[in-house]
Amino acid sequence: MTRFSACPALVLRMRQTGESNREAFFLTAGMGITRAFVYGGPKSRLRSYVSPFHSGGLYLYHDPVRDSYKVTDFDVRRWRPGIRENYDRTMAAVAIAETVLAGFGGGCNWGEALDQTNDSLDALDNAVGPASLRVLVHFLWKWSDLLGIHDGTSTARLSPAPLRWLEASSALPPSEVSRLGLDSASLLEAKNFCAGIIASALGRHLKSWEWQTPSVF
C-alpha cells in the first residue's frame, strides 16, 4: 500500500503540539475526518496554508509504524479571508466546523458533506449583518438532512414562520439564503430547533451553537 495520498480537503481545526508543530483536523472527500501533523515554524509556508477554513488539495504521508499522517503539501484553492475579518462570520464558521467534527464528517457521505460545508463557508466569506446567522441555520438544517435525522413529524414543534423559512431555504444554495427575510425571534427559534435535533442524534450539545449575532437585533 502506498504511503502517499492526495484528496480534496477542508481545514476544520488546528491544535498546537510542541513548540513549533501543529495538529490539523480535516474533512476530506476520501477519508472523512482526518487528523494529520503539520511540521514547521511560524514562518513556514505550509503552516500558513494549513489554516482553519482553507480548502484545496491535501497531500499526506502515512507512517505505518505510528499509524499517523503528516501533511506534505496543501494546495489552497479557497482562502476565505473575509471570515476572519468579521466576528459574526468567524463565529458562524466555527459553529459549522464544530458541527462537522462532532458529526464524524457526515457519516459516510464525505463528498457531499465536503461540498455542503465548502458552499456554506463560501457564503460566509462575504456575509453581511444577520446573513451569517442565516447561513449557519441553513447549514444546520441541511446537515441534519444529510445525517437523516429530521422528518416531517419533528417540525411540528416549530412556529409557522421559521418552518416556512426552513422549507423555502432547503431549495436554495447557501449563497442565496440571505435574501430570505425572517424576524429575529423566528430565526433564533429555527437555529435552536436545528441544533436541538442534531444534539439529540449526537448525544451532546455544542457550545458554539449558542452564538447569536447581535446584528440580528
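Please treat every number below as a calculation from the coordinates, not as lab data. Predicted model, so just to flag it, every value in this text is computed and none were measured. As a convention, Cβ positions derive from the backbone with ideal geometry for all residues, glycine included, and neighbour counts pool all protein chains shown.
Once phi is turned into ³J(HN,Hα) by the Karplus curve 6.51 cos²θ - 1.76 cosθ + 1.60 with θ = phi - 60°, what whole-Hz value does each residue of region 5-22 show in order, with x for glycine and proline?
Once θ is set to phi - 60°, the couplings for region 5-22 become 8, 9, 6, x, 8, 10, 7, 9, 7, 10, 9, 6, 9, x, 7, 10, 10, 9 Hz.
Using DSSP to call loops (not H, G, I, E or B), can you name the trypsin sites (Lys or Arg not before Pro) in region 32-131 whose Cβ has at most 11 other Cβ atoms within 10 angstrom? Can you show the working numbers first?
Numbers: sites: ARG35, LYS43, ARG45, ARG47, ARG66, LYS70, ARG77, ARG78, ARG84, ARG89; in loops: LYS43, ARG66.
Those that pass, being in a loop and sparsely packed, are LYS43, ARG66.
How tilted is helix 184-202 with respect to the longest principal axis of the chain? Cα atoms for both, answer in degrees (0 to 90, nearest 10).
Value to nearest ten degrees: 50.
What number, rounded to the nearest 500 deg cm²/dmol, is the helix-based mean residue ellipticity at 222 nm of the chain, given -39500 (n - 2.57) per DSSP H run of at least four residues and division by all its residues? Walk me through the intermediate numbers first.
Working: 7 runs with 85 residues, N = 217.
Calculated mean residue ellipticity at 222 nm is -12000 deg cm²/dmol.
To make sure I understand, if each residue's beta carbon is the centre and we count other beta carbons within 10 Å, what order do VAL137, VAL38 fall in, fewest to most? Don't skip to the end; give the middle numbers.
Working: VAL137 26, VAL38 22.
Ordered by Cβ neighbours within 10 Å, fewest first: VAL38, VAL137.
Residue-wise, which Karplus ³J(HN,Hα) couplings in Hz belong to region 57-71, taking 6.51 cos²θ - 1.76 cosθ + 1.60, θ = phi - 60°, and x for glycine or proline?
Each residue of region 57-71 in turn: x, 9, 10, 10, 10, 9, 8, x, 6, 8, 6, 9, 10, 10, 6 Hz.
Would you grab the residues whose amide H sits under 5 Å from the one on GLU23? Only those 5+ places off in sequence or on another chain, please, with H modelled 1.01 Å from N.
Those qualifying (amide H under 5 Å, at least 5 residues apart or on another chain) are ARG15, GLN16, THR17, VAL38.
Between SER44, SER178, SER169, which gets the highest mean-square fluctuation from a Gaussian network model of the chain, Cα cutoff 10 Å?
The residue that fluctuates most here is SER44.
Please express the Cα-Cα pair-distance distribution P(r) of region 1-110 as a list of whole percents, one per 10 Å bin, running from 0 to the bin with the greatest distance.
Once binned at 10 Å, the Cα pair distances of region 1-110 give 14, 46, 35, 5, 0.
Would you mind checking which residues have amide H under 5 Å from ARG78's amide H? H placed 1.01 Å from N; only 5 or more apart, or other chain.
SER55
With N set to the residue count of the chain, report its C-alpha Rg divided by 2.2 N^0.38 Å to two decimal places.
1.05
Using Cα atoms only, what is the angle between the long axis of helix 160-169 and the major principal axis of the chain, expressed in degrees (0 to 90) to the nearest 10?
For 160-169 against the chain, the angle is about 40 degrees.
Take LYS70, project a point 7 Å from its Cα along the Cβ direction, then tell me which residues of region 25-55 have their backbone nitrogen under 12 Å from it.
37-40
Around LEU163, what is the net charge, scoring Lys/Arg as +1 and Asp/Glu as -1 over all other residues with Cβ under 11 Å from its Cβ?
On the way: positive: ARG157, ARG164; negative: GLU167, GLU189.
That works out to 0.
Cα to Cα, under 22 Å, and not fewer than 8 places away if on the same chain: which lysines meet these conditions relative to LYS43?
LYS70
Once you keep just the Cα pairs under 8 angstrom separated by 6 or more residues, what percentage relative contact order results for the chain?
Numbers: 357 pairs, mean separation 36.9, N = 217.
Relative CO of the chain lands at 17 percent.
Projected onto the charge dipole of region 4-78 (+1 at Lys/Arg Cβ, -1 at Asp/Glu Cβ, origin at the Cα centre), which of PHE26, ALA6, SER44 gives the Cα projection farthest towards the positive end?
SER44
Please report, in whole Å³, the volume per residue of the convex hull around the C-alpha atoms of region 62-188. Don't skip to the answer; put the middle values down first.
Values: hull volume 16.7 nm³, N = 127.
Looking at region 62-188, the number lands at 131 Å³ per residue.
Go through region 109-210 and name the trypsin sites (Lys or Arg not before Pro) that are in a DSSP coil and have 15 or fewer other Cβ atoms within 10 Å of their Cβ.
Working: sites: ARG134, LYS142, ARG157, ARG164, ARG179, LYS191, ARG204, LYS207; in loops: ARG204.
Qualifying residues, ordered by number: ARG204.
Using Cβ contacts closer than 10 Å as the measure, can you line up THR2, THR28, THR72, THR17 from fewest to most? Intermediate values should be presented prior to the final figure.
Working: THR2 6, THR28 22, THR72 16, THR17 12.
The order, fewest Cβ neighbours first, is THR2, THR17, THR72, THR28.
Quick check: the angle from helix 131-146's long axis to the longest principal axis of the chain, C-alpha only, nearest 10 degrees?
The answer is roughly 80 degrees.
Multiply the residue separation of GLU112 and ARG13 by 0.36 nm, subtract the distance between their alpha-carbon atoms, and state the gained length in nm to one decimal.
Numbers: separation 99, 0.36 × 99 = 35.64 nm, distance 1.96 nm.
Length gained between GLU112 and ARG13: 33.7 nm.
Region 29-47 to region 100-128: how many Å between their Cα centroids?
About 19 Å separates the Cα centre of region 29-47 from the one of region 100-128.
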